[in-house]
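Visitor: Have a look at this one before I ask anything.
Read-outs: derived from the displayed coordinates by stated rules, not from any lab. Bear in mind the structure is a predicted one, so any value in this text is a computation, not a measurement. Reconstructed Cβ throughout: ideal geometry from the backbone, glycine too, with neighbour counts over all protein chains shown.
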Amino acid sequence: MAEHQTTHQAEEDARNEDILIWLNGRIVPKAEAVVSVYDSGFMLGDGVWEGLRLYNGTWAFVDEHLDRLFEAAKAIDLDIGLTRQQVLQALLDTRTANEMTTDAHARLMVTRGIKTRPFQHPSLSRQGPTITIIMEHSRPKIARPIRLATVPHIRGLPMTQDPKLNSHSKLNCILACIAAEKAGADEALMLDVHGFVNTTNACNFFIVRKGAVWTSTGDYCMNGITRQKVIDLCRESDIPIYERNYSLVDTYGADEAFLTGTFGAQTPVSEIDGRPIGDGEAGPVTRKIQGLYRDLIAKECA
């Protein structure tokens, strides 16, 4: 059996031992970037986050990422306490402090902050939010296409925990990932409440059938920025693209499948539930989309 890998596998980089991290307005060494055990993010998973990627000195699609961050904060009634421009400046300052130019990844996290007592009620968070930016040298090292396994964990209804929210509460996805790994796969393929194919535990999911690209309706998944860029690129390039409900039967019969995400862009899938997809490598439509996305990044981050 092929060795396990993740969709966020990166080359080892010794420089990451000495990175500087932005924490509540200060840029500090990694060892000093610590938060309280009373922090609501640690205690309850009460927070939101964004992952951003640096190409040629530019954070790709930063406006869309900041839109999503502020929208998520509003949705959970969390005052970030900074303007958009101040958040962007924090990203720029951290990049400069780390002397990063390209192939870097940032995880920008905002929690409700330190609690006065170790209980759930948000009114116990009285000191303002905790905001941090972890920025690492990060070059993807995905040695082969990804193997998926369908798991019993689903992406649920908006009235439980809205899957469109990029929250710190990731236990559902973590349990899905564990189940997939126990089944000998790399990542979990998750269904929606109706049993239609939805997303993986960490990435958005696409299939290709007879030259047409299919993805889920988006009703029950994180509406990824890379996901939307792929949809837009298909429309602009006259590649048929459908956001639709489809089943595992449709999926097993796909000619190609791939994942999308900020880190890996488009990652091909070779196998789902032990069934080979295509010839097990990136297919022609996947490769075309990868090329279109590289061209988009080159234009966006010139």
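Visitor: So how do 190, 222, 135 line up by other beta-carbon neighbours within 10 Å, fewest first? Can you show the working numbers first?
Guide: On the way: 190 29, 222 21, 135 24.
Taking fewest neighbouring Cβ atoms as first place, the list is 222, 135, 190.
Visitor: About the Cα centre of the chain, how large is the charge dipole given +1 on each Lys and Arg Cβ and -1 on each Asp and Glu Cβ? Please answer in debye to the nearest 20.
Guide: Charge dipole, the chain, about its Cα centre: 440 debye, nearest 20.
Visitor: Below 8 Å between Cα atoms, with a sequence gap of 6+, how large is the relative contact order for the stretch 14-137 in percent? If you can, show how the numbers build up before the last one.
Guide: Working: 209 pairs, mean separation 45.4, N = 124.
Here the relative contact order equals 37 percent.
Visitor: Let me ask something else. Just how many pairs of Lys in the chain have C-alpha atoms closer than 29 Å, counting pairs that are eight or more places apart or on different chains?
Guide: 26
Visitor: Count the DSSP beta bridges whose two residues both fall in the stretch 146-300, then state the antiparallel fraction as a percent rounded to the nearest 5. List each step's numbers first, then the result.
Guide: Details: 19 of 28 bridges.
So the antiparallel bridges in the stretch 146-300 amount to around 70 percent.
Visitor: Just to confirm the number: angle between the C-alpha axis of helix 84-98 and the first principal axis of the chain, 0 to 90 degrees, nearest 10?
Guide: For helix 84-98, the angle is close to 90 degrees.
Visitor: Just rank 49, 214, fewest to most, by other beta-carbon atoms within 10 angstrom. Can you show the working numbers first?
Guide: Working: 49 18, 214 21.
The most exposed by this proxy come first: 49, 214.
Visitor: Once you have the Cα-Cα distance between residue 120 and residue 6, take 0.36 nm times their residue separation minus that, and quote the gain in nm to one decimal. Intermediate results must be reported in sequence, preceding the final value.
Guide: Values: separation 114, 0.36 × 114 = 41.04 nm, distance 3.28 nm.
Result: 37.8 nm gained on full extension.
Visitor: Highest mean first, how do 292-298, 157-163, 264-270 rank when packing is the count of other Cβ atoms within 10 Å averaged over residues? Each step should come with its number before you reach the end.
Guide: Values: 292-298: 15.3, 157-163: 13.4, 264-270: 23.0.
Descending packing order for the listed peptides: 264-270, 292-298, 157-163.
Visitor: Charges on Cβ only, +1 for Lys and Arg, -1 for Asp and Glu, centred on the Cα centroid of the chain; of 224, 106, 193, which one is farthest towards the dipole's positive end?
Guide: 193
Visitor: Based only on other Cβ atoms within 10 Å, what is the fewest-to-most ordering of 53, 139, 209? Each step should come with its number before you reach the end.
Guide: Working: 53 25, 139 12, 209 18.
Listed from fewest to most nearby Cβ atoms, that is 139, 209, 53.
Visitor: Rounded, prolate or oblate: which one fits the stretch 14-137, using the alpha carbon gyration tensor with axes a ≥ b ≥ c (rounded when a/c is under 1.5, else prolate when a/b beats b/c, else oblate)?
Guide: Details: a/c = 2.41, a/b = 1.49, b/c = 1.62.
Oblate shape, in that a/c is at least 1.5 and b/c is the bigger or equal ratio.
Visitor: Toward the positive end of the charge dipole of the chain, about the Cα centre and with charges on Cβ (Lys, Arg +1; Asp, Glu -1), which of 45, 284, 247 goes farthest?
Guide: Farthest towards the positive pole: 45.
Visitor: So what is the 222 nm mean residue ellipticity for the chain from helices alone, if each DSSP H run of at least 4 adds -39500 (n - 2.57) and you divide by all residues, rounding to the nearest 500 deg cm²/dmol?
Guide: Numbers: 8 runs with 84 residues, N = 302.
Computed mean residue ellipticity for the chain: -8500 deg cm²/dmol.
Visitor: Work from the charge dipole of the stretch 9-81 (Cβ charges, +1 for Lys and Arg, -1 for Asp and Glu, about the Cα centre) and give the residue of 28, 14, 54 farthest towards its positive end.
Guide: Of 28, 14, 54, it is 28.
Visitor: For a bin width of 10 Å, list the pair-distance distribution of the chain built from all Cα-Cα distances, rounded to whole %.
Guide: Whole-percent P(r) values from 0 Å outward: 6, 26, 34, 25, 9, 1.
Visitor: With the crude spin-label approximation of a point 7 Å out along Cα→Cβ, what separation in nm comes out for residue 299 versus residue 194?
Guide: In this crude spin-label approximation the distance works out to 3.4 nm.
Visitor: Under a Cβ-only charge scheme (Lys and Arg +1, Asp and Glu -1), can you give me the dipole magnitude of the stretch 146-300 about the Cα centre, in debye to the nearest 20?
Guide: Working: 16 positive and 19 negative charges, 33 e Å.
Computed about the Cα centre, the dipole is about 160 debye.
Visitor: So if we plug the beta-carbon distance of residue 85 and residue 281 into 1/(1 + (r/R0)^6) with R0 = 45 Å, what FRET efficiency do we get, rounded to 0.05? Numbers along the way, then the final one.
Guide: Working: r = 44 Å, r/R0 = 0.98.
Once the sixth-power term is evaluated, E becomes 0.55.
Visitor: Please say if the stretch 1-86 is rounded, prolate or oblate, where rounded means a/c under 1.5 for a ≥ b ≥ c the square roots of the C-alpha gyration tensor eigenvalues, and otherwise the choice is prolate for a/b larger than b/c and oblate otherwise? Don't jump to the answer; show the numbers that get you there.
Guide: Values: a/c = 1.43, a/b = 1.31, b/c = 1.09.
Note, shape of the stretch 1-86 comes out rounded.
Visitor: How high is the relative contact order of the stretch 146-300? Use alpha-carbon pairs under 8 Å, at least six apart in sequence, and give a whole percent.
Guide: Numbers: 297 pairs, mean separation 35.1, N = 155.
Worked out over the stretch 146-300, it gives 23 percent.
Visitor: Shape call for the stretch 170-302 from the C-alpha gyration tensor, a ≥ b ≥ c root eigenvalues: rounded (a/c under 1.5), prolate (a/b greater than b/c) or oblate? Mind showing how you got there, number by number?
Guide: Working: a/c = 1.55, a/b = 1.38, b/c = 1.13.
Taking the square roots of the gyration eigenvalues as a ≥ b ≥ c, the stretch 170-302 is prolate.
Visitor: Using only alpha carbon pairs under 8 Å that are at least six residues apart, calculate the relative contact order of the chain and give it in whole percent.
Guide: 19
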